[in-house]
Each structure stands twice: as C-alpha cells, then as structure tokens.
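Take a look at the structure set out below.
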Amino acid sequence: MDNLLEIRDLAVHYYSNRKVVEAVNHLSLDMKKGTVLGLVGETGAGKTTLALSIVNMIRGPQGKIVQGSLRFNGKDILAMGRQELRGLRGKDIAMIFQDPMTALNPVLPVGDQIAETVIRHEGLTRAQGWKKAEEMLETVGIPGIRSREYPHQFSGGMKQRVVIALALACNPVLLLADEPTTALDVTIQAQVLDLMRKLIRENGTSVLFITHSLGLVAENCDEVATMYAGEIVEYGTVDQVFGRPLHPYTRGLFGSLPRLRDSQRRLTPIPGLMPDPTALPRGCYFAPRCPDKMPVCGEIHPRDHLFEGHRVKCHLYGGNGREAGNER
Amino acid sequence: MHAFDTSGSNLSRSLRRIARNFGQFWRRFSRNKLATASLAFVILVALVSVFADLFYNYDFVTANSLENAFLKPGESGVVYFQDRDVEHRFLLGSDNYGRDILGRIVHGARVSLIIGFVAVAFALSLGGTLGAMAGYKGGRMDTLIMRVTDILLSIPMIMLSIAIVAALGNSFFNLLLAISITLAPRYIRIVRASVITVKDQEFVEAARCLGASDLRIVFRHILINITAPIIVQSTLNVGTAILWTSFLSFLGLGIMPPKPEWGNMLAEAREFIQYAPHTLFAPGIAILLTVLAYNLMGDGLRDALDPKLKR
Amino acid sequence: MWRYIAKRILMLIPVLVGVTFLVFSLMYITPSDPAQLMLGANASPAAYAQMRADMGLDKPFIVQYLRFLFGYKHPVFGYKGLVFGDLGRSYITNRYVFELILSSFPNTALLATGALILSIALGVPIGILSATRPYSFIDMVFTVLALLGASMPTFWVAMVFIFFFANRLGWLPAMSDPANLISIILPMVTLSLNSMAILMRMTRSSMLEVMEQDYIRTARLKGLDEGVVIRKHALRNALIPIITIAGLQFGALLSGAVLTEKIFAYPGIGTIMVDAIYLKDTPQILGSICFVAIMFSLVNLAVDIMYGLVDPRVKETKRGPGRK
C-alpha cells in the first residue's frame, strides 16, 4: 500500500442560522507518497475545508465532519485522540496558508514561532530550538539574525518564507499548501514557488497544492484534482487532465484562461455561479451551468467513471466508459 | 443615479426600502431576548412617566404626612390631602416624611427620562455639529475642536458634571447643561471619525460633481451613514445620563427634594438605612433596572443595526 | 521610543493648560462671591471693595487666571500658583489647599489601586474563562453579572453594602479609614465592581476576537497544546487592548472614588472635593479638580506609553491598529 493519504466518502457540514452548508460532499481521494497533487477549483468549492479536515481541524460547534474516513499512513485520523492529533499536526502534516499577513502571531518574534514547533515535536531545548529556527530561516533565504524580529518587520513575501520555514521545520511527510502565493505580488510568487519546489524535492515531501490557477498546477504538480461544490469532479495526472480535460467544468476552467497562441478574441467564462451550498441541486451539481447538459443530469447525481485512465464524475462518460464506482 | 430626484416614485421606493430595512433590523433585534425584554421595560417606564399623574397626584407625592412616616410596604394610613382624610395604601411603603415611595418613584421616572432624553438630544446636536464641522472642514477648525474635546475628556466625566453644576448652581437647566456638555465629546469623536471616513468616498465625490451644496452633502450623505453608531451611542447615553442625574441629585447638586427624584430619594433614605431599609431599596432598584435596560437595549441595537460593529 | 515618550509629554502640556483654564473659568462664573463669604453679609461697601482688591478679585479675568497659575503676591492671600503646587489657604477652613490635597491623595490612591487590583484579579480571569466557553451556562451567568455591575449606581451599592455588611451582619465597619485596612474592604469592593464588569466584558470579547485569528489556527496546526495556544498565543494579543482598558479604568477609579468616598466617610480627595463644593470653598474646589484631572491625564499617558512597550508594532508606528 503506497497511499500516504486515503480519503473515503468524506462529508463536512457547517451549521449557521439553522441552515446546513454542505461544504464537502462524499469526497474520496488518494495521495501517493512523494507526489504533488494540485487541487483546483473556484473560491467556495470547499478546498480549504478539505485541507483542514485532513488534520481534523474543522472547528465545532459550527463545523463538523459528518461522515467518511481519513487515513494517513494507514492510521485513521478521525479516530485519533487529542494528544495523538497534536503529535501529527506540525510534525507529520504541516500547512501553509493563503495569507501570510495574518498567519503569524504579531507579538512573538518569528524565531520563537518556529522554535516552539521544533521544541514541541523534536524534544529540543530552547537554545537548540532557536538554533534550528535560525537554520530554517537561512534555508528560506532569510538571515538567521532576523529570528528576533517580529512579523510586522517583514514584507509579505518574506513573511510567506517564514511561514514556509515554519511548515517545513519538522520535515513533514505531507504539506498542505492552501493557495500559498495568492496574496503575493507576481514576481514574489515566482520566487516563493521556486523555493517551495526546491525544498519539497530535497525532502521528498508530498504536497497537496491548493490553488485556483491552472498555470501553477501545470508547473508544479504531478496530479490534478478538480473540485466543484465540495466534490472532486475530475482526477488524473497532469498530462492526462491537461492533455484532455474530460469534465465540462474542467474544460470550462481551461476555456476561461487567456492563451497567447490562440487567436481567440475573448475568454469564455463559465456562465452562472456555484450552487448555494445550503441547497444543492438534486442531480449533478454542475448541471445548471453545464454546456453539455443532458436530461439525466438534472435528475441523477453522477458517479465516478474511469475514462482513459483518469477519473471523472459526469454522465457523459457513463455509457462508453468503465464504471469506477465499485473500486471504492 | 437619481440621488437628488425626490419625485413621487422615488419617494415611495425609498419608503419601501426603509420598511424593508426595518423589517430586517427587527428580525435581528428580536432574536436577542434580553434586548427585546429591555425594550419592553423601557416602553413601560416611558408610559408610566408620561401617565404618572394618572397613577399618583403630584401634590400627593410631594406633601408631607408625618404621622405616616416609615410605613412598611403594603401598610395603609390615613392621609390628610386636599382638605380631607384619605385612606391610602402605601404599596412600597412611605419615607421619612410619610410620602408614598412608589408614587415618588413613578414621578421620579418622569424627571429621569426627561433629563436623559433632553440631555442626550442636547449633547447629540452640540457634539454632532462640532464633530461634523471638524471632520468635514478639517484644518484649523478641526484642530481647535479636537483640542477642546481632548481637554473635556481629560477631566473625569462625572467630575466635569459636578464642576459645572457646582459653578452654575443647581437647577434643572444647569443639570441638563452639565450632563450634555459631558456627553458631547463622545459624539464629536464618533461623528468626526465617520465623516472623515465617508468624506473621501466616491459617492460623496460624485454628489459634489453633481453640484450639491456642501451642507447638503453633509446631511444627506454623511449623516445617513452614521445613524447606526449614533443610535447605539445615544441609547447607552440615556442610561448614563439617568445614572448621573441620580448621582448629582444624591450629592445635592441636581433635583432637590421635595421634588421626587430617584437620587435625592436615596440621599434622604441614607439617613435612615437602619430603621427603614425599604426606603433604600426601591429607588436604587428603579435606577438599576432602568439603566440596565438601556444598556441591554444599546447592545441589542448594536448587534442588530450593524453586525460589523459587534462588541 | 524615547522620542515618542517625550512627544507625548509635550503634547500633554497644552491639554493641561486647557483643563486648568476650563476649571478656572467655571469657578470664575460661579455665583458665589468669596469676598462676601469672607466678610459675611453685613460688611460695609468699602470693606467689601477692599477685600475684593486684597483677594485680587477686582482684576480682569485673564490676570486672575495667570495669577492662579503662576502665583499672587499678597501678605495674607498670596500664593505661589498652581504650577508650583501652591494655591494658598482655603477661605473656609484656613488650611493650605495643597496640604489637604496631598495628605488625602495617598488615601484615594490606595483605594483606587486596591480596587484596580481587585477588578483585574477577578475580571480578567473570568473574562478568559467566559471566552474559552462562549455561550455556555457559566458564560451566560458572568455576562449577566457583568451587565449588572456596569449598570449599578455605585453610590447606591455602597449604601446597600453598608446596610448588609455593617448594619445587619456587623462584619465590616460602615465608616472607612485608611489606618484600618479591614475598613477599606467595603469601599474597595464597591469601587471595583464597575471596572471589574468592564474588564470582564472587554477581556471576553478581546479573547474571542483573537481566538478567531489565523495565527491561532497556525498555532493549533503546529500541534501545540490548547493551554499553550491560549496562554502564549491568544492571551498576549488579547491583553494588549486590555492593558489600555485597565489603565483607563485606573483613571476612572480615581474619579470614581469621588462617588464612594463620601458615603464611607473615607478621608480621600473625593470627600474633600464634595465638602468643598458644599462649603463653596473655591480655591479648594479648583485645587482638587485640577489635581485629579492632572493625575487622570498622567495615568492615561503612562498607559499609552506602557501600551507601546507591550505591542512591538507600536514602537515603529507610534500607534497600533487595535486601539479603541
């Protein structure tokens, strides 16, 4: 079994004002050791919720994992006790957030924030912890002496480097990177990504790379999963999905990208909005916006189909493709 | 688009919008049970003070009747009033001059509410005008007004009221003035801050381009945007004003006996704590509940009017 | 940092001048006439005019104000001025105004400090407790108590406490005296209730706000114990506004002492001020109000500076964003 992470039939709900927000719906996903999996989708598709579920950090009482299982290295994360979970977080699974401005504690020196993690997980002394923190800062290209400085003394890109240093301090097996460059300037984005790529390669870290940019996925990932309304609608290798996107939604994402070579005048955005997660449609969630909609799409929720080696949740491939539903 | 068009269709549209907004506001406000209960209590106190004369004759609650002094709550006594003997039941007992405590509380509510509302209205118009001027004009005017505000704020508030009443002498009007001046800086600050934030926003710029006059811009666009914080602040301030009125009167710097006022009732009760504790509890609880109700209502309004303002 | 402190102190000076001007103007327009108070109602017009001249009351307002600040030379009524901490003798008690103020201020400071310590010691931990269990039963109980505390008329609570603890139960004396620490308990508790309620609510809301921040999520994601997350990461941020509030409460307590001291017959500056108002003792009123206002401003300045020391962001930007 070479799966690092196995997500089966996961459902996460948020409760607010007597309404139920179905943020993640019966989602199944595997991640192999050492791969970089890109998770693409619009804002509100449930990407961050999925990432937080992986470390069982959905906060009650508003949020709850209502169904499914999460296995990390064969161990059931949802069955873990508090102590075991804390041993996992920051050590085996680390996370990088979208906004470096708010991810660091403003009143603690950055070195302290890195040091406390390694002290907690690797049983180092304070002095050793600080030394490790300085090393980590050096690794991400920040002089070690700046470890005594506070977050507000760093620029946005530098802060994100600190966050990366923090995340990688304990050599995590799995890194959850939630839009790590969205909040940064374009030039800084490239630097930060290069750095991440380098460190990931060196350590053999597996990464769940959450983004809404297909370009970043093409550059950085081995596999892609497209997420829509809390579901994975398409999953395959980068070559498969970029070579021939199957799901109408994925195709729509490509259609809304500007291309330099094509002579097309205007982009074709996907019409309409994502369905209200408190009242999802009966059939396929994408049906109201789908250009290839069939009568069955409004009635029956599609299952996963394996088609040309990659997985897609769409009725278009139900007839001529091999069904993948019995695989789980 | 037609910001200055006041034709009929637009008017009815804006009325409809106000009605819809109110409906929304009310749904949010009524979800807060404590705030709703407070609103009910506030209305009750307002009704009692408006119709105080229906419950108790003013002359009756201010006239001495020494033979009935310190009756316990619920006891009855014969009162010589308007040339005849009247059998009267003192629901909350009587004070050292044999006056009906409940009657004095009912009439005291009237005094407290009048001062509370009028002082807040004074403070609002004074502070609001100054704050709007400071924020909108800026420059030297702003500096001057804010310096004065800083000065007023660096004297502890209750001491400022005391000093003003002590200087001007105690009278109903001076009490009002003292409380208003003390409350005004709060409004200056709120209004100025809001005006400065709103002033440079595009819709004001747009209105100016359309040729609206300065004053009109201030009133129509800026003041509308600061209604919510002002309503909240004013509700809380009515409570504060009621509290201060009672305290100043307690010190003998406000409403003097025999006029009924909660604070001066307490000042009289103080001498007799040992013999007649009931004279101490009723007026204090009246102050407590009224002020509490305004505070709770203010909190409820804050949550209902502007969720962003929370806490 | 030092430049910041120096600048704040310099900015305080015009405010203090303004305060003295305001208070002096208020006393100037007061209807009571010190010359008449000195002589009694039956004095001859000539004696009255002489007295006014001796007391400097015949001079224009601005001269009187400057004398009030910088001194007035006269064998009987002369004084060195407010700036030098001397306003001469009271017309009524014939004691030096500042002697009385300085001898009673430590008593007020003792009462206010005790009340502040009490309200921090109870208010802050209860606020944290409430914030870690929002909307629980215990949170609701404390929320209601805090609302009561913030709405209670302090002077009434003082009397109710006297009635129960002194008159009925006889546990504590009704009169309070700084020499007898037991007797300070009642006024101190009374005085602290309001501040305690405010601190409780502010701590709760500040903690709740901080607990929602991304960096708290980061801290949890590092695998830190919840206790460490609360103590090290949340509390430090939550306490920054609390320090400001607590400091401002100290100012409020100094003036709040006015409300309680008189009822407990406690010999503090509040009692002196209220008595002076009853006696229309103008120099004493002027002196006590100006003194308390200056103390109040100094405490608030100290709070501002302390705030700068706690929040690393302030050192550079002068003022942090979290300031209310």
Item to complete: Please identify the pairs in which a residue from the stretch C:142-154 that is assigned to a helix (DSSP H, G or I) has its Cβ atom under 6 Å from the Cβ atom of a residue that is open to solvent by 50 Å² or more (accessible area, probe 1.4 Å), counting only partners at least 6 apart or on another chain.
Response: C:A146/C:R201
Fill in: Output for the stretch B:78-112, where each listed residue is under 22 Å from B:I273 (Cα atoms) and either of a type in the set (G, A, S) or in a loop (DSSP other than H, G, I, E, B) (or both)
B:F90, B:L91, B:L92, B:G93, B:S94, B:D95, B:N96, B:Y97, B:G98, B:R99, B:G103, B:G108
Discussion item. Quick test for you: out of C:I198, C:I184, C:I230, pick the one residue that is more than 10 Å from every other protein chain (Cβ to nearest Cβ), closer than 23 Å to A:V55 by Cα and surrounded by 18 or more Cβ atoms within 10 Å (Cβ to Cβ).
Written reply: C:I230
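Give the residue, chosen from A:G129, A:G141, A:G90, A:G74, that is at positive phi and within 13 Å of another protein chain (Cβ to nearest Cβ).
When all the criteria are applied, what remains is A:G90.
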Worksheet item: Got a number for residues in the stretch A:144-186 being over 25 Å from A:L52 (Cα atoms), within 12 Å of another protein chain (Cβ to nearest Cβ) and either free of Cβ contacts under 8 Å to residues at least 12 places away in the same chain or open to solvent by less than 10 Å² (accessible area, probe 1.4 Å) (or both)?
Response: 1
Worksheet item: Which members of the stretch B:131-167 meet the condition of being without any contact (Cβ under 8 Å) to a residue 60 or more places away in the chain, away from chain C (no Cβ under 14 Å) and open to solvent by 20 Å² or more (accessible area, probe 1.4 Å)?
Response: B:M133, B:K137, B:G139, B:R140, B:M141, B:D142
Discussion item. Taking the conditions exactly as written (over 16 Å from the mean Cα position of the chain (by Cα), more than 9 Å from chain C (Cβ to nearest Cβ), part of a helix (DSSP H, G or I) and closer than 25 Å to B:A40 by Cα), does B:A282 satisfy them or not?
Written reply: yes
Worksheet item: For the subset of the stretch B:55-93 comprising residues that are in contact with a Lys or Arg (Cβ under 9 Å, 6 or more places away or on another chain) and polar (S, T, N, Q), which member is nearest to B:A286 (Cα to Cα)?
Response: B:T62
Worksheet item: Which of (1) open to solvent by less than 10 Å² (accessible area, probe 1.4 Å); (2) outside any strand (DSSP E or B); (3) in contact with a Leu (Cβ under 8 Å, 6 or more places away or on another chain) does A:G129 not meet, given it meets every other one?
Response: (3)
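So which residues in the stretch A:93-105 are under 18 Å from the mean Cα position of the chain (by Cα), in a helix (DSSP H, G or I) and within 7 Å of chain C (Cβ to nearest Cβ), if there are any at all? Before the answer, list the steps.
Initially, the stretch A:93-105 is screened for residues under 18 Å from the mean Cα position of the chain (by Cα), giving A:93-100, A:103.
Going one step further and asking which of them are in a helix (DSSP H, G or I), we end up with A:100, A:103.
The answer is A:A103, and nothing else.
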Fill in: Scope the stretch C:240-274; condition modelled with pLDDT of 85 or more, surrounded by fewer than 24 Cβ atoms within 10 Å (Cβ to Cβ), away from chain B (no Cβ under 11 Å) and in contact with an Asp or Glu (Cβ under 9 Å, 6 or more places away or on another chain); matching residues
C:A265, C:P267, C:T271
Worksheet item: Somewhere in the stretch C:254-262, is a residue within 15 Å of C:F105 (Cβ to Cβ) and among the charged types (D, E, K, R)?
Response: yes
Item to complete: Report yes if C:D214 is open to solvent by 20 Å² or more (accessible area, probe 1.4 Å), more than 16 Å from A:A103 (Cα to Cα), away from chain B (no Cβ under 11 Å) and of a type outside the set (A, V, I, L, M), otherwise no.
Response: no
Worksheet entry | Top-ranked residue in the stretch C:23-42 [being away from chain B (no Cβ under 14 Å) and open to solvent by less than 40 Å² (accessible area, probe 1.4 Å); ranked as nearest to C:F296 (Cα to Cα)] | C:A35
Item to complete: Quickly run through the stretch C:8-22 and pick out the residues that are more than 17 Å from C:F84 (Cα to Cα) and either among the hydroxyl-bearing types (S, T, Y) or more than 10 Å from every other protein chain (Cβ to nearest Cβ) (or both).
Response: C:R8, C:I9, C:L10
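Quick check on my filter: what residues within the stretch A:43-65 are surrounded by 13 or more Cβ atoms within 10 Å (Cβ to Cβ) and more than 12 Å from chain C (Cβ to nearest Cβ)?
Residues of the stretch A:43-65 that are surrounded by 13 or more Cβ atoms within 10 Å (Cβ to Cβ), as a first pass: A:44-59, A:63-65.
Once the filter is applied, which keeps residues that are surrounded by 13 or more Cβ atoms within 10 Å (Cβ to Cβ) and more than 12 Å from chain C (Cβ to nearest Cβ), the stretch A:43-65 yields A:G44, A:A45, A:G46, A:K47, A:T49, A:L50, A:S53, A:G63, A:K64, A:I65.
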Practice prompt. Can you work out which of the residues in the stretch B:248-275 that are within 9 Å of chain C (Cβ to nearest Cβ) and closer than 13 Å to B:I101 by Cβ is modelled with the highest pLDDT?
Written response: B:W262
Practice prompt. Quick one: in the stretch B:168-182, of everything that is touching a Phe, Trp or Tyr at 6+ places or on another chain (Cβ under 8 Å) and not polar (S, T, N, Q), which residue is nearest to the other protein chains (Cβ to nearest Cβ)?
Written response: B:L177
Worksheet item: So C:L208 fits all but one of (1) within 21 Å of C:A234 (Cα to Cα); (2) out of contact with any Pro (no Cβ under 7 Å at 6 or more places or on another chain); (3) open to solvent by 20 Å² or more (accessible area, probe 1.4 Å); what number is the exception?
Response: (2)
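Report yes if some residue within the stretch C:17-40 is in a helix (DSSP H, G or I), in contact with a strand residue (DSSP E or B) (Cβ under 6 Å, 6 or more places away or on another chain) and closer than 30 Å to C:L298 by Cα; otherwise report no.
To start, the set of residues in the stretch C:17-40 that are in a helix (DSSP H, G or I) comprises C:17-28, C:34-39.
Add one more test, that the residue is in contact with a strand residue (DSSP E or B) (Cβ under 6 Å, 6 or more places away or on another chain), and what stays is none.
For the stretch C:17-40, residues in a helix (DSSP H, G or I), in contact with a strand residue (DSSP E or B) (Cβ under 6 Å, 6 or more places away or on another chain) and closer than 30 Å to C:L298 by Cα: absent.
Only one of these is in a helix (DSSP H, G or I), under 27 Å from B:K33 (Cα atoms), at pLDDT 85 or above and more than 11 Å from every other protein chain (Cβ to nearest Cβ): B:L288, B:L301, B:L292. Name it.
On the way: B:L288 fails: more than 11 Å from every other protein chain (Cβ to nearest Cβ); B:L292 fails: more than 11 Å from every other protein chain (Cβ to nearest Cβ).
Just a single option satisfies the conditions, and that option is B:L301.
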Practice prompt. Within the stretch C:83-99, track down each residue that is of a type in the set (A, V, I, L, M, F, W, C), open to solvent by less than 30 Å² (accessible area, probe 1.4 Å) and in a loop (DSSP other than H, G, I, E, B).
Written response: C:L87
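The values are calculated or read from the model by the stated rules, or taken from the named source; none is laboratory data. Because the structure is a prediction, the values reported are computed rather than measured. A quick note on method: Cβ atoms are made from the backbone with ideal geometry, for glycine too, and the neighbour counts reach across all protein chains shown. For accessibility, only protein heavy atoms count, side chains too; no ligands or nucleic acids. Shrake-Rupley method; radii C 1.70, N 1.55, O 1.52, S 1.80 Å.
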